[in-house]
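A short write-up of the structure that comes next.
The values are calculated or read from the model by the stated rules, or taken from the named source; none is laboratory data. The shown structure was predicted, so the numbers you read here are calculated from the model rather than taken from an experiment. Cβ coordinates were reconstructed from backbone atoms using ideal geometry, including for glycine residues, and neighbour counts include every protein chain displayed. Side chains are part of the model used for accessible areas, which takes the heavy atoms of the whole protein and leaves out ligands, DNA and RNA. Shrake-Rupley method; radii C 1.70, N 1.55, O 1.52, S 1.80 Å.
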Amino acid sequence: MFSPDESYEHQEFKQLTLDGTIISGCEFFACTFYKCSFKECVFTECMFEKCTFEDCDLSLIQLQRTGLVRVTVKNSKAIGVAWSNAKDAFSVAFHDTRLSFGTFSGKNLKQGIFLQCQADEVDFSDCNLSQSDFRGTDLSAARFVNCDLTQANFVGATRYHLIAAENKLRKAKFSLPEAVSLLYGLGIEIAE
């Protein structure tokens, strides 16, 4: 479907099924992917800029020397993706997407958007997540270690477990009752 080293601009791709395909050297600018399946695809030396993935399956994709800049992923599945392998200058906004079992470890995700997502067991360790927005996201067993969460918004987020001593939380926003979980790593006893 996609020829190696080709550029695609302002195109709309609908209902593609490219599971397990290797896509190499392609550039996509302001393209829309709707109801496409890229399960287990390998993207090598590709670039996605200002692209939107809606109702897509990106589960287990591999990002080898691939860039994602101002990309939006909506109502999609992206299970088991090592986003940390993408090139730097990474900026992806996730809306109503299942990100379970993925890793962003070490990425600069400043002002990252993770709205109404399912992000269970996602690894955010060593990330800059300052000013990021996690509103309404289920963060069950997500890993936050050595993260900058300055001014991050966790209002309405659920099932997160943050150890305050292991992260920067200055001016981060939390809502009750989930915010009580911040006390567990302090070595204090909480009476119920």
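For the reader, a short list of remarks on this structure follows.
- Of all residues in the stretch 67-86 being in a loop (DSSP other than H, G, I, E, B) and at negative phi, the one that is surrounded by the fewest Cβ atoms within 10 Å (Cβ to Cβ): 79
- Answer residue from the stretch 87-122, given it is under 16 Å from residue 59 (Cα atoms) and assigned to a strand (DSSP E or B) and is most open to solvent (accessible area, probe 1.4 Å) among those: 98
- Within the stretch 113-129, the only residue that satisfies the criterion of being touching a Cys at 6+ places or on another chain (Cβ under 8 Å) and of a type in the set (Gly, Ala, Ser) is 125.
- For the stretch 159-180, a residue qualifies if it is among the small types (Gly, Ala, Ser) and out of contact with any helix residue (DSSP H, G or I) (no Cβ under 7 Å at 6 or more places or on another chain), and the qualifying residues are 172, 175, 179.
- Residues that are among the polar types (S, T, N, Q) and under 16 Å from the mean Cα position of the chain (by Cα) were ranked within the stretch 132-168; the one that is surrounded by the most Cβ atoms within 10 Å (Cβ to Cβ) is 137.
- Of all residues in the stretch 39-79, those satisfying the criterion of being over 22 Å from residue 109 (Cβ atoms), over 15 Å from the mean Cα position of the chain (by Cα) and not hydroxyl-bearing (Ser, Thr, Tyr) are 39, 40, 41, 42, 45, 55.
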